[in-house]
Each structure stands twice: as C-alpha cells, then as structure tokens.
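The values are calculated or read from the model by the stated rules, or taken from the named source; none is laboratory data. Being a predicted model, the structure only gives us computed values, none of them experimental. For neighbour counting, all protein chains shown are included, and Cβ atoms are generated from backbone atoms with ideal geometry for every residue, glycine included. Surface areas here come from the heavy atoms of the whole protein model, side chains and all, with no ligands, DNA or RNA. Shrake-Rupley method; radii C 1.70, N 1.55, O 1.52, S 1.80 Å.
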Amino acid sequence: MKKKCLAQHDCPLARGYNVIGDWWSLLIVMQILTLKTHRFSELEAGLGMAKNILTARLRKLVAEGILEKRPAADGSAYHEYVPTERGRDLYTVLVALRQWGERHYAAGCRTETHLVDKSTGQPLPPLEVRSADGRSIGPEDLEIVATGATNPML
C-alpha cells in the first residue's frame, strides 16, 4: 500500500509526519543528535541499514532542511550530515518518544539503555507537557483552537 502524502494537509502534525514519518528517518536523526555520528559509514554501521535506504532517507532529510550535508571537518574527501535548527528542534520529540519506548517496550531488549545527563550521570526525568504557569497538563486539559479560517484537525 502506498503511503498517502500529507504535505498539503491542514494539520501541522500531519505535515510534520509527512516529512519525518518513517522509523529510519527518526533513528537517523536521533543517532546524529545523541551519538554525534555524522558520516554515512558510521550511520550505516550503527543503524544496520541497507545503503540504498540510508541514501534515500538522508537525501530526503537534507531536502526537507532537517539535516545539512557538509564536507568532513577533518578535510578528507568524505561528507558529514549535521542537524539544522529544524533538525535540532526534533530533539524533544525524539527524547519523548524514546522515553515512551523505554517505559512500554524495553522488556525483551538485548541491552537495556536509558538516557542520562552527561554532567550528573542521572537518568532524565520523564518529559511533561506544562502550561504557561508551570502546571503539568494532560490531554484532557488541551484543546485545539483555530486561528485562521480553516477547520482545526490534530
């Protein structure tokens, strides 16, 4: 079944998913952000991806402004992929998704891993959605309000 294009959808979540909505792209961005893996060969080895899939995902992430392809910092003939501001903005989303996976799907993994603060060695507390006044809020506390003439979705 062919994936439906959501690029013109009225919902920002749908448009964002249209760009980043496959597991390989999320894993690539997380690998670059957290492990500082920037070269094609490092990404291929770390993720265990086929070259053609990695090539296609990197091209799309560059085209969408999530990553930038630059000459290697060491002056070699290689290239590196570095996150743009748009790519760095995915950090909170990826940490939240990772924590959700740790909470609900870590059982049975060969190696148990957790995100920790490098400066303290302490595990990260679960991310929370907070209101402007600092209150923790859940789905029941939110609503989507249209600011334009379109009908709000998600």
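List the relative contact order of the stretch 19-133 as a percent without decimals, with contacts defined as Cα pairs under 8 Å and 6+ residues apart.
Relative contact order, the stretch 19-133: 20 percent.
Once you mark the GluC sites (Glu not before Pro) that are in a DSSP loop and have at most 12 other Cβ atoms within 10 Å, what is the longest gap between them in the chain?
Result for the longest clean stretch: 1-111.
At what distance in angstrom do the alpha carbon centres of the stretch 81-136 and the stretch 31-55 lie from each other?
Centre-to-centre (Cα) distance: 20 Å.
In Å², what does the accessible area per residue of the chain work out to with a 1.4 Å probe?
Roughly 75 Å² per residue, with all protein chains present.
State which entries of LYS4/LYS51; LYS4/LYS69; LYS51/LYS118 exceed 30 angstrom in Cα-Cα distance in the structure shown.
LYS51/LYS118
Per the helix-only calculation at 222 nm, which mean residue ellipticity applies to the chain, given -39500 (n - 2.57) for every DSSP H run of n ≥ 4 and division by its residues, nearest 500 deg cm²/dmol?
Calculated at 222 nm, the ellipticity per residue is -12000 deg cm²/dmol.
What are the aspartates and glutamates whose alpha-carbon lies under 17 Å from the alpha-carbon of LYS36, with same-chain residues fewer than 8 places away excluded?
GLU44, GLU68, ASP74, GLU80, GLU85, ASP89, ASP117
Quick one: Debye curve from the alpha-carbon atoms of the stretch 1-133 only, equal weights, vacuum; give me log10 I(q)/I(0) at q = 0.13 Å⁻¹ to two decimals.
Those come out to -0.67, one per q.
Give me the percent of accessible area attributable to carbon and sulfur for the chain, probe 1.4 angstrom.
In the chain, the share of accessible area belonging to carbon and sulfur is 56 percent.
State the answer as a single residue: which of THR55, ALA72, GLY148 lies farthest towards the positive end of the charge dipole of the chain, with beta carbon charges of +1 for Lys and Arg and -1 for Asp and Glu, about the Cα centre.
THR55
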